[in-house]
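Here is the structure we will look at.
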Amino acid sequence: MLGARHAVVAKEGWALDVFCFQMPTTQTMPDVHGHFGPYGGMFVPETLMSALHDLAAEYERAKTDPAFQDELSALLRDFAGRPTPLYFAERLTERLAGGRIYLKREDLLHTGAHKINNALGQILLAQRMGKQRIIAETGAGQHGVATATVAARFGCECVIYMGEVDMDRQRLNVARMKLLGAKVVPVTAGQATLKEAINEAMRDWVTNVRTTHYILGSVLGSHPYPMMVRDFQSVIGVEARRQILEREKRLPDLLVACVGGGSNAIGLFHPFLEDRAVRMIGVEAGGEGIRSGKHAARFQGGRLGILQGTKTFLLANEEGQIELTHSVSAGLDYAAVGPEHSYLRDLGRVEYTYATDDEALNAFKTLSETEGIIPALETAHAIAYLVKNAPKMKRNELVLVNCSGRGDKDVDQAAAAFGLKEKSK
Amino acid sequence: MKNRIDNCFARLGADKRKGFIPYICAGDPTLERTVDLALALEKAGADLIELGLPFSDPLADGIVNQLAAQRALAAGTTIRGVFDCVCEIRAKSQIPIVLYSYLNPIFQFGAEKFHREAEKAGVDGLLILDLPPEEDIDLPKANVLHIRLIAPTTPQPRIEKIAKTAKGFLYYVSREGVTGARDSIASSLTEKIAELRKYSQLPIAVGFGISTPDQARKVAQPADAVVVGSAIVDLIAKHGDKPEMIEKVSAFAGELAAAAKSS
């Protein structure tokens with residue numbers, strides 16, 4: 001039994017030249033102006049409209065250009081480390097005594113999370129457009145690190161905007177970005193987290209739009225970003241679908257992923273959307289609980305609105321002012337959800353729930369202890385769904401979870417939460 | 001139906017004068033002071049007032065206007081409060097008022113209701129920073145004009161398209177970037193405005209980055225009106241709710257108005 005499983009792992013691990021990522025080209029959503037039904041669109045200042053139109057046009061050309069496909073595939077394989085393994089979480093499965101749990105190991109990618117998939121795609125587009133200055137926002141720092149990494153790889157100037165609160169809770173990633181040669185600009189406005197970082201990055205872009213490409217890190221913002229980032233991230237689901245079919249000879253019963261902006265979730269879900277029997281769950285940040293008002297669960301307490309270029313579900317008051325959000329995880333601590341998620345929720349194709357800070361922290365510990373995998377706090381929200389619900393599942397129900405990032409960046413914060421920090425003198 | 005904005009530019013044209021448009025954020029420091037400020041600005045020579053409806057995430061604005069919005073929101077400014085404030089100004093003045101805002105507050109209030117109540121309060125135009133013509137909301141029949149922005153990055157075919165749907169006046173963004181004071185004004189302004197005039201008969205106001213009387217004079221030459229925002233907002237921030245605030249702002253606005261009109 002063990003031998004057989006080893007053989008499969010070895011076969012995948014040593015597959016030398018099979019990796020080739022075909023960009024999806026036949027999507028019906030969004031429409032030409034970036035609408036997913038009533039969601040999405042291009043709600044930006046006029047100064048950016050022409051840059052966004054240029055970006056959309058360049059992306060359309062690139063995704064059907066074999067040279068672009070080849071270059072991206074080669075980078076994803078040799079630089080980022082794709083394909084990532086699909087790992088059977090045997091001890092977690094035993095511990096939860098329900099379901100049969102697989103982890104898609106995006107945490108094993110270069111820079112430690114799925115963010116590199118999108119950063120590589122976009123830096124190649126920036127190269128095609130002749131833009132040598134790169135900017136990005138970051139919450140948890142994973143997208144900032146991925147962007148700083150690809151900017152270094154291509155010799156571009158790089159500026160990362162990051163909320164001051166996030167810089168404090170994700171110090172390790174701040175240091176990584178600086179070591180990679182990026183300038184990290186602290187953002188002090190508002191609640192000094194991801195939303196304010198996006199505001200600042202957009203302001204920079206408005207000012208320097210002719211020379212600068214903005215590598216937006218999630219399926220957020222104006223068209224074409226939600227579509228483009230989805231397509232770059234769909235490599236996750238394409239691989240996972242093939243891998244689970246090879247391994248189990250059937251499709252999974254359930255997919256689970258955490259949802260901040262929602263790029264890792266959409267990347268996993270999208271290639272399975274036509275597989276009607278596959279259920280999908282997106283897990284938002286429940287913070288200190290929905291009733292406390294301190295959370296980032298847009299589908300729980302949110303409303304339809306417009307923020308930072310897109311129409312989607314968001315947390316705002318009746319006056320339309322954006323509300324403060326809270327999550328233990330910087331990467332999920334954001335007031336709006338990607339517009340395609342709002343659409344998929346309307347269709348009933350994806351269900352959305354939430355995990356609280358405490359549930360996520362416990363899941364963080366559970367995965368670390370049972371599998372020897374320390375997940376990112378963002379990812380821990382997806383694991384938390386399993387901890388709660390897997391015990392109610394049948395033993396043969398196949399569950400595939402996106403292990404979207406690793407938790408090195410969160411070790412300080414988690415150690416403090418669990419009282420494991422040694423006191424310094 | 002004639003609108004105060006159209007009347008205002010018709011009068012300026014007939015008098016061969018350039019317009020001066022100050023921007024202030026409603027509710028900064030308080031809505032009562034906003035009424036006083038608007039009336040004082042008119043006395044100082046303002047031809048039209050751009051009144052900011054504060055929003056928590058003003059991504060087309062620089063730090064000065066963002067802080068003003070934060071102060072206004074912290075002081076409890078609401079949409080209804082801003083409408084009441086316009087009503088009070090209207091009771092004493094016929095100066096055209098354009099509300100400057102982002103889409104989300106209008107969307108949450110209800111676009112149709114917003115237009116209806118804005119008109120009732122005496123608002124003449126709406127400038128929605130993050131609403132390009134492609135996403136335009138179905139306009140109710142309210143006599144509230146949607147003012148369109150054109151940026152230096154707007155390509156020629158798009159200028160034509162925007163010009164077709166524009167009303168009142170065209171707002172040309174003089175610099176790439178967010179609102180806020182700049183040291184210099186783009187030298188290509190004259191050519192750009194000449195280009196705009198090929199596609200539209202509407203008056204052209206120029207704003208973003210104009211902060212001194214000297215800049216106002218230069219910009220006013222090719223344009224029909226000059227918008228000054230952050231430099232005035234900065235002065236309001238400096239003096240806050242102190243009694244001399246209105247006087248200081250009036251004096252500065254007077255210089256700007258005189259400079260714009262002298263060109």
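Would you call A:E323 farther than 18 Å from A:S218 by Cα and charged (D, E, K, R)?
Numbers: farther than 18 Å from A:S218 by Cα: yes; charged (D, E, K, R): yes.
Yes.
Note on the stretch B:91-108: residues that are out of contact with any Lys or Arg (no Cβ under 9 Å at 6 or more places or on another chain), assigned to a helix (DSSP H, G or I) and within 14 Å of another protein chain (Cβ to nearest Cβ) amount to 3. Could you tell me whether any residue of the stretch A:205-214 is touching a residue at least 40 places away in the same chain (Cβ under 8 Å), closer than 30 Å to A:R242 by Cα and buried (at least 24 other Cβ atoms within 10 Å of the Cβ)? No, that holds for no residue. Candidates A:G286, A:G305: the one that is touching a His at 6+ places or on another chain (Cβ under 7 Å) and part of a strand (DSSP E or B) is A:G286.
Among the residues of the stretch B:117-135, are any more than 10 Å from chain A (Cβ to nearest Cβ) and at pLDDT below 95? No - not one qualifying residue is present in the stretch B:117-135. The residues of the stretch B:196-248 that are closer than 16 Å to B:A44 by Cα and among the hydroxyl-bearing types (S, T, Y) amount to a single one, B:T212.
Pick out the one residue from A:G260, A:G237, A:G217 that is more than 20 Å from A:P24 (Cα to Cα) and not β-branched (V, I, T). Please lay out each step first, then the result.
Details: A:G237 fails: more than 20 Å from A:P24 (Cα to Cα); A:G217 fails: more than 20 Å from A:P24 (Cα to Cα).
Checking each option against the conditions leaves just A:G260.
Would the stretch B:69-83 turn up any residue that is within 21 Å of B:V228 (Cα to Cα) and surrounded by fewer than 24 Cβ atoms within 10 Å (Cβ to Cβ)? Among the residues of the stretch B:69-83, at least one is within 21 Å of B:V228 (Cα to Cα) and surrounded by fewer than 24 Cβ atoms within 10 Å (Cβ to Cβ), which makes the answer yes. Just one of the numbered conditions (1) of a type outside the set (S, T, Y); (2) surrounded by fewer than 17 Cβ atoms within 10 Å (Cβ to Cβ); (3) closer than 30 Å to A:M29 by Cβ is not true of A:L400: (2).
Test A:F19 against the criterion of being aromatic (F, W, Y), at pLDDT 95 or above and either farther than 15 Å from A:L344 by Cα or surrounded by 23 or more Cβ atoms within 10 Å (Cβ to Cβ) (or both), and give yes or no. Spell out the reasoning first.
Details: aromatic (F, W, Y): yes; at pLDDT 95 or above: no; either farther than 15 Å from A:L344 by Cα or surrounded by 23 or more Cβ atoms within 10 Å (Cβ to Cβ) (or both): yes.
So A:F19 does not fit the description; no.
Screening B:L31 on (1) aliphatic (A, V, I, L, M); (2) in contact (Cβ under 8 Å) with a residue 60 or more places away in the chain; (3) under 29 Å from A:G305 (Cβ atoms); (4) more than 13 Å from chain A (Cβ to nearest Cβ) shows it passes everything except condition (2). Within the stretch A:353-392, the set of residues being closer than 16 Å to A:I266 by Cβ and in contact with a Leu (Cβ under 9 Å, 6 or more places away or on another chain) comprises A:E378, A:T379, A:H381. Of the helices (runs of 4 or more DSSP H) entirely within the stretch B:204-263, those holding at least 3 residues that are over 19 Å from the mean Cα position of the chain (by Cα) occupy B:245-262. Scanning the stretch B:143-170 for residues that are within 17 Å of B:D6 (Cβ to Cβ), part of a strand (DSSP E or B) and within 14 Å of chain A (Cβ to nearest Cβ) returns B:H146, B:R148, B:L170.
Of the residues making up the stretch A:320-356, those that are more than 14 Å from every other protein chain (Cβ to nearest Cβ) and within 14 Å of the chain's Cα centre (by Cα) are A:S329, A:A330, A:G331, A:L332, A:D333, A:V337, A:G338, A:E340, A:H341.
Could you say whether any residue in the stretch A:320-331 is in a helix (DSSP H, G or I) and either surrounded by 19 or more Cβ atoms within 10 Å (Cβ to Cβ) or out of contact with any Cys (no Cβ under 9 Å at 6 or more places or on another chain) (or both)? Scanning the stretch A:320-331 turns up at least one residue that is in a helix (DSSP H, G or I) and either surrounded by 19 or more Cβ atoms within 10 Å (Cβ to Cβ) or out of contact with any Cys (no Cβ under 9 Å at 6 or more places or on another chain) (or both). Residues that are acidic (D, E) number at least 2 in the following helices (runs of 4 or more DSSP H) confined to the stretch A:68-180: A:90-96, A:164-169.
Residues of the stretch A:29-50 that are more than 7 Å from every other protein chain (Cβ to nearest Cβ) and at negative phi: A:M29, A:P30, A:D31, A:V32, A:H35, A:F36, A:P38, A:Y39, A:L48.
For B:A111, state whether it is modelled with pLDDT under 95, surrounded by fewer than 24 Cβ atoms within 10 Å (Cβ to Cβ) and farther than 15 Å from A:Q321 by Cβ. Here the answer is yes, as B:A111 does meet what is asked.
Considering each of A:A152, A:A189, A:A148 in turn, give the residue that is within 17 Å of A:L124 (Cα to Cα) and either surrounded by fewer than 23 Cβ atoms within 10 Å (Cβ to Cβ) or within 14 Å of another protein chain (Cβ to nearest Cβ) (or both). Full working, then the answer.
Details: A:A189 fails: within 17 Å of A:L124 (Cα to Cα); A:A148 fails: either surrounded by fewer than 23 Cβ atoms within 10 Å (Cβ to Cβ) or within 14 Å of another protein chain (Cβ to nearest Cβ) (or both).
After applying the criteria, what remains is A:A152.
Which one of these does A:M202 not meet: (1) within 14 Å of chain B (Cβ to nearest Cβ); (2) not in a helix (DSSP H, G or I); (3) not charged (D, E, K, R)? It fails just one condition, (2).
Does the stretch A:389-416 hold any residues that are in a helix (DSSP H, G or I) and within 22 Å of the chain's Cα centre (by Cα), and which are they?
Step one: list which residues in the stretch A:389-416 are in a helix (DSSP H, G or I), which gives A:389-392, A:408-416.
The answer is A:D408, A:K409, A:D410, A:V411, A:D412, A:Q413, A:A414.
Within the stretch B:75-116, the only residue that satisfies the criterion of being farther than 26 Å from A:T312 by Cα and free of Cβ contacts under 8 Å to residues at least 24 places away in the same chain is B:A91.
So that you can scan it fast, the table gives a plain yes or no per residue for (1) modelled with pLDDT of 95 or more; (2) over 28 Å from A:R291 (Cβ atoms); (3) β-branched (V, I, T):
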residue: A:E340; (1), (2), (3): yes, yes, no
residue: A:D358; (1), (2), (3): yes, no, no
residue: A:T366; (1), (2), (3): yes, no, yes
residue: A:T370; (1), (2), (3): yes, yes, yes
residue: A:P375; (1), (2), (3): yes, no, no
residue: A:R395; (1), (2), (3): yes, yes, no
residue: A:A415; (1), (2), (3): no, yes, no
residue: A:G419; (1), (2), (3): no, no, no
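Picking from B:I246, B:I210, which residue would you name as being under 24 Å from B:L99 (Cβ atoms), among the β-branched types (V, I, T) and at pLDDT 95 or above? Break it down into steps so the answer makes sense when it comes.
Values: B:I210 fails: at pLDDT 95 or above.
Exactly one residue qualifies, and that residue is B:I246.
Of the listed requirements (1) away from every other protein chain (no Cβ under 14 Å); (2) of a type outside the set (S, T, Y); (3) buried (at least 19 other Cβ atoms within 10 Å of the Cβ); (4) not in a loop (DSSP other than H, G, I, E, B), B:Q66 misses just one: (1).
Look through the stretch A:342-369, keep the residues that are touching a Lys or Arg at 6+ places or on another chain (Cβ under 8 Å) and crowded, with 17+ Cβ neighbours inside 10 Å, and return whichever of them is farthest from A:E94 (Cα to Cα).
From the stretch A:342-369, those touching a Lys or Arg at 6+ places or on another chain (Cβ under 8 Å) are A:351-352, A:355, A:359, A:366; that's our starting set.
Now restrict to residues that are crowded, with 17+ Cβ neighbours inside 10 Å: A:352, A:355, A:359, A:366.
On the way: A:Y352: 26, A:A355: 22, A:E359: 19, A:T366: 12 Å.
My answer is A:Y352.
Test A:M202 against the stated conditions and say whether it is crowded, with 24+ Cβ neighbours inside 10 Å, of a type in the set (A, V, I, L, M) and out of contact with any Leu (no Cβ under 7 Å at 6 or more places or on another chain).
On the way: crowded, with 24+ Cβ neighbours inside 10 Å: yes; of a type in the set (A, V, I, L, M): yes; out of contact with any Leu (no Cβ under 7 Å at 6 or more places or on another chain): no.
Answer is no for this residue.
The values are calculated or read from the model by the stated rules, or taken from the named source; none is laboratory data. Everything quoted here is computed from the prediction, not taken from an experiment. Cβ coordinates were reconstructed from backbone atoms using ideal geometry, including for glycine residues, and neighbour counts include every protein chain displayed.
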